[in-house]
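Okay, structure first, notes after.
Values quoted throughout were computed directly from the atomic coordinates according to the rules given, and no laboratory measurement underlies them. This one's a predicted model, so the numbers in the text were calculated from it and none came from an experiment. Using ideal geometry, Cβ is built from the backbone for each residue, glycine included, and neighbour counts are taken over all protein chains shown.
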Amino acid sequence: MIIKIRNNVNKTFNNLITLEEIIKNNKKNTSSNLIELKHSRLKSYLTKKRTIYQRILKVCWAIELKNKEYYKSNKLRTYSTIEIYNIVNKCLAKDNQKTSIRTLEYDISFLNQILLITTKLKHLGKDNGSFAFYIQNKNLWKHRFTIIQEAIY
């Protein structure tokens, strides 16, 4: 049973590791440090990583979309995390999936950790709340597919 993991967001980037490659690379390995895994467990692990990868790419796309609107309006039209959450959930609904707001917050903090985005908070005064917007790292943004893939796997 071979499972191919492909990126549905960007058709030209389909270098994600496959179960077939893992098996082929480890057949020759005779190291004593190897751990034996069941085929089904490895398959579920790769499937889980694929869904995380695709969800994070959708978060990146939503942030990019909202940033374009923000800069087009000369920094007058702001956006919130809830708007990004709604965009991502609408995209995931097409795949019969749904995510929670906390999962989205984890994804955004993950993107912060790998330096693809930085979060800027603007406070609106005492007891008036604040809003956050996300700035993409223009140097790394071009290579986000590879960076996210390497960070996840």
message: Using a 7 Å offset from the Cα along the Cα-to-Cβ direction at both residue 24 and residue 123, what is the distance between the two label points in nm, to one decimal?
response: 5.7
message: Can you work out the Karplus-derived ³J(HN,Hα) for every residue in segment 111-117? Use 6.51 cos²θ - 1.76 cosθ + 1.60 with θ = phi - 60°, whole Hz, and x for glycine or proline.
response: 5, 5, 5, 8, 6, 7, 9
- line: Note: segment 41-152 at 10 °C, 1.306 mPa s; Kirkwood Rh on alpha carbon pairs; Stokes-Einstein D in µm²/s works out to 106
task: Only residues of segment 60-76 count here: report those whose backbone N is under 20 Å from the spot 7 Å along Cα→Cβ of residue 90, or say none.
output: 60-73
- line: Taking a crude spin-label model, label points 7 Å out from Cα along the C-beta direction, the residue 39 to residue 139 distance in nm is 4.6
field: Cut-off 20 Å, label 7 Å out along Cα→Cβ of residue 47, residues of segment 75-100 by amide N
entry: 92-100
